[in-house]
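Inspection log for the structure reproduced underneath, given as C-alpha cells.
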C-alpha cells in the first residue's frame, strides 16, 4: 500500500484545516497516512521562489491590460522586483485549460525569466477555480493567487473579484478548494481589498482566507466602493498582520518613497506590492528595493525616451505587434505618468498613430522628457547608502 506523511494539527489554523483535508483525501484513496505530531507551517511549505516570511519582498502588481508578459519582462530586468503577479485570468463557465494559461503567462514555458511570475485566477465557482488552479500547475505554475480585489463593475456583476468580499464564507470555500487542488508545496495566496464598502470587513475576510489555507495575503488599502479614489487606509492592514499568523503584502497608493515609508510605519509589513506607482515613477522600485535591502542597483535609463526605447526592444523580442499592442501599452504608460507624475506632452502622444510618430513627438520634446523623469541619482545614492 502506498504511504504518505501528513502533518497533524488540531487547531483551526489553515495548516490544521489543510492537513486534515489531506488526511481525509489520501485515506479515501486507500493511502496509509503517517501523522507528524509537530511540524511548522514553513517546514510544510518547501523552498519556493516566492515569499519567505522573514525576507523583505517587493512584488509587481497585476494591472489588467498593462502588465503583460512584455511589460513584466522589462520591469523584471530592473533587478529589483522579487516576483510579479500575472494579470488575472477569468474563470467563467468552464475551467481554464493549460493551453490558455501558457498563452496568457508565457513565462510558464521558460526557466530563464527575469523574475518569477505567480498566476492569478479570478472567479466565484470553487470547483472551476480548483480545476483551473490544477491546470495552471500542469502548465508549469509554481504559485497561485486568487483575485478577490478587482473593483471593475463588469467583473463584479459576473461573480468575480471584489464582489465576493460581501460573502466571507465564500472566500474560505474558494481558497480551500484551490488549496486542496494543488500540491502541498505550491503556495496559494489571496488578494483582497479592505471590504466592499467598509474598511472593517477586512478582519473577517482575511480570517476566512486564512482558514481556507492561504499561504499569504495581499491587501489593497481601499474598499471596492472607493475604486481607486483616496484616501487609503493602511492601519487595518497592520491590524490584520498582527492578528493573523500569515505574512501580509501591503498594497495601495505608494507613489513615492515617502508614501512607502508611511505605509511601512502604519502596517509594520516587510512585503510590499506596487503597480501604477512603478510606471508613473520608474525610480520608485529602485528606491524601495534599496530601503528594504533587496537591491542597490540604480536605474539604467535616466530619461523617458530611453525607457520607452527599451520597452520597444523587449516588445520585438516577445513578438508583439508594434503597430497596436506596443503602441497601446506605451500610451497607457504615458497616461499613468501624466495622471500621477510629471509627464509633459501626453495629449500629443495619445494621438500618435504609430510607433514612429510616437517617438517623433517625444524627440520634439526631448528636453522636457529628460527633465520630467529627473532620476535624482544623488538622492537615490543616499538611499542606497543608508
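General observations
- Using C-alpha pairs below 8 Å separated by at least 6 residues, the relative contact order for the range 75-191 is 26 percent.
- Contact order for the range 177-299, expressed relative to its length and based on alpha carbon pairs under 8 Å spaced 6+ residues apart, stands at 19 percent.
- Cα pair distances in the range 130-256, grouped into 10 Å bins until the bin that holds the longest one, percent each: 14, 45, 33, 8, 0
- Fraction in percent of alpha-carbon pairs per bin - 5 Å, the range 183-298: 2, 12, 22, 22, 19, 13, 8, 2, 0
FYI, it's all coordinate maths here, none of it is from the lab. Every value quoted in this text rests on a predicted model; they were computed, and no experiment measured them.
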